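Participant: Supplied in structure tokens, the structure appears directly below.
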Amino acid sequence: MPESAESFDPITMGRIGIDLYPLQIGVPLARVESFGKFLGGSAANVAVAAARLGNTTAVITRTGDDPFGTFPHQALKEFGVDDRFVTPVADHPTPVTFCEIFPPDDFPLYFYHRPKATGLEIRTEELGCFAIRAARIFWITGTGLSEEPSRSATLAALKARGRSGTTVFDLDRRPALWSDTAWEDPEAARPYYAEALRHATVAVGNLDECEVATGFREPRACAEALPEAGVEVPPVPVEVVNELGAGDAFGGPCVMGCCGGGTWSGSCATRTWRARSSRPGWRARRRCRRRGRSRSCRVVGEVGVCGRVRVSGGWSRGSPRP
């Protein structure tokens, strides 16, 4: 992977893919007549959200070596995200995700990836460690810990970065992407989360994901356990208003808060969800990037978010930041 002398505001690391989402609402896939094609994958989405708020952004990920693999490069460039760290995986198709849209709160996701999501093929020897160390913010995901070689590469990237800058750990857990016993047993995933949390400045997650990371289900216990695990930023209570589409877009204002770029609040997160997603013209048919997360929970994490939110507290100009 090419080293870079340029310093990025955030570098995200994780999955990328293509989302084929129905243009008809309230019908199952068997009755859908047309789909829209959009950039997908949590790491790519966070990079786009941050870029659209004016940050210099890059993503470390992998596509398939197929005709679909050119689309993520095109989309990233259009959104102002540097794609120099996006490489193809031979003999792998680019992952595709379908969903069904049943408002107000039912959006099943169907992942098509064989033999695995290409973003899980990131390898330690291909990491741009200089760029990772130099970035103001380094953003990783829990899904990156789900399978080798991505698991080892993610942990190696964290060790290479050390405590330089701010490191954000999105606890994002997609059970369907875990290929071993951790798919059914969250306790099997906990040691990997614990190792990543040792390097994290900020953790982003909902109650379900905090339970996987800490072993606690009660929100206050989760909030107390995360700093003990290594996270530095104090807890921020978040009330879920509507989970539809804001999960990854929230990464944009989170990055702005970490960089000191103005007030970070619930209204900022909502505005990002409405105006700055990676889906031009996508209004009522917002995607659910947090399918599988509890829809009714009140989240208390280091920075918890699941969809459209109201945040009690937050960062503003003059507030302490890592």
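The values are calculated or read from the model by the stated rules, or taken from the named source; none is laboratory data. Only a predicted model underlies this, so the values are computations on that prediction, with no experimental measurement involved. Quick reminder, even Gly has a Cβ in these numbers, built from the backbone with ideal geometry, and neighbours come from all protein chains shown.
Participant: Restricting the search to region 189-210, which residues are in a helix (DSSP H, G or I) and not small (Gly, Ala, Ser)?
Facilitator: So the first thing to find is which residues in region 189-210 are in a helix (DSSP H, G or I), and the list is 189-197, 207-210.
Listed by number, the residues that qualify are ARG190, PRO191, TYR192, TYR193, GLU195, LEU197, LEU207, ASP208, GLU209, CYS210.
Participant: Next question, about the same structure. For residues that are over 30 Å from GLY26 (Cα atoms) and aliphatic (A, V, I, L, M), scanning just region 77-103, find the one that is surrounded by the most Cβ atoms within 10 Å (Cβ to Cβ). Full working, then the answer.
Facilitator: Here is the first cut: in region 77-103, the ones over 30 Å from GLY26 (Cα atoms) are 77-78, 80-92.
Adding the requirement that they be aliphatic (A, V, I, L, M) leaves 81, 86, 89-90.
Values: VAL81: 29, VAL86: 22, VAL89: 21, ALA90: 7.
Taking the candidates together, the pick is VAL81.
Participant: Here are ARG161, ARG133: which of them is surrounded by fewer than 19 Cβ atoms within 10 Å (Cβ to Cβ) and farther than 26 Å from ALA30 by Cα? Steps first, answer last, please.
Facilitator: On the way: ARG161 fails: surrounded by fewer than 19 Cβ atoms within 10 Å (Cβ to Cβ).
Within the list ARG161, ARG133, the selection yields ARG133.
Participant: What are the residues in region 140-152 that are crowded, with 21+ Cβ neighbours inside 10 Å and either in a helix (DSSP H, G or I) or touching a strand residue (DSSP E or B) at 6+ places or on another chain (Cβ under 6 Å) (or both), if any? So that I can check it myself, show each step before the final result.
Facilitator: If we filter region 140-152 for residues that are crowded, with 21+ Cβ neighbours inside 10 Å, which is where we start, we get 140-146, 150.
Selection gives ILE140, THR141, GLY142, THR143, GLY144, LEU145, SER150.
Participant: Of the conditions (1) crowded, with 16+ Cβ neighbours inside 10 Å; (2) at pLDDT 95 or above, THR70 satisfies every one except a single condition; which number is it?
Facilitator: Unmet for THR70, out of (1) crowded, with 16+ Cβ neighbours inside 10 Å; (2) at pLDDT 95 or above: (1).
For every residue, the table says whether it meets (1) touching a helix residue (DSSP H, G or I) at 6+ places or on another chain (Cβ under 6 Å); (2) farther than 27 Å from PRO28 by Cα; (3) modelled with pLDDT of 90 or more; (4) surrounded by 23 or more Cβ atoms within 10 Å (Cβ to Cβ).
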residue: GLN74; (1), (2), (3), (4): no, yes, yes, no
residue: ASP105; (1), (2), (3), (4): no, no, no, no
residue: LEU109; (1), (2), (3), (4): no, no, no, no
residue: ILE137; (1), (2), (3), (4): yes, yes, yes, yes
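Participant: Just to be sure, is THR63 surrounded by 17 or more Cβ atoms within 10 Å (Cβ to Cβ), over 17 Å from the mean Cα position of the chain (by Cα) and of a type in the set (S, T, N, Q)?
Facilitator: The answer is no for THR63.
Participant: Please pick out the residue among VAL32, VAL48 that is crowded, with 19+ Cβ neighbours inside 10 Å and either over 18 Å from VAL86 (Cα atoms) or not small (Gly, Ala, Ser) (or both). Show your work before the answer.
Facilitator: Details: VAL32 fails: crowded, with 19+ Cβ neighbours inside 10 Å.
Residue meeting the stated conditions: VAL48.
Participant: Let me ask something else about it. Tell me, which strands (runs of 3 or more DSSP E) wholly within region 1-73 include 2 or more residues that are among the aliphatic types (A, V, I, L, M) and in contact (Cβ under 8 Å) with a residue 40 or more places away in the chain?
Facilitator: Details: elements: 10-13, 17-22, 35-40, 57-64.
Ranges flagged: 10-13, 17-22, 57-64.
Participant: Another one. Among the candidates ALA157, ALA213, ALA223, which residue alone is within 20 Å of VAL86 (Cβ to Cβ), outside any strand (DSSP E or B) and either under 19 Å from the mean Cα position of the chain (by Cα) or not β-branched (Val, Ile, Thr) (or both)?
Facilitator: On the way: ALA213 fails: within 20 Å of VAL86 (Cβ to Cβ); ALA223 fails: within 20 Å of VAL86 (Cβ to Cβ).
On inspection, the qualifying residue turns out to be ALA157.
Participant: Now for a separate question. What residue, among those in region 85-129 that are of a type in the set (Gly, Ala, Ser) and assigned to a loop (DSSP other than H, G, I, E, B), is nearest to the chain's Cα centre (by Cα)? Spell out the reasoning first.
Facilitator: In the first step, residues of region 85-129 are kept if they are of a type in the set (Gly, Ala, Ser); the result is 90, 117, 119, 128.
From what is left, the residues that are assigned to a loop (DSSP other than H, G, I, E, B) are 90, 117, 128.
Working: ALA90: 25, ALA117: 15, GLY128: 19 Å.
Filtering first and then ranking leaves ALA117.
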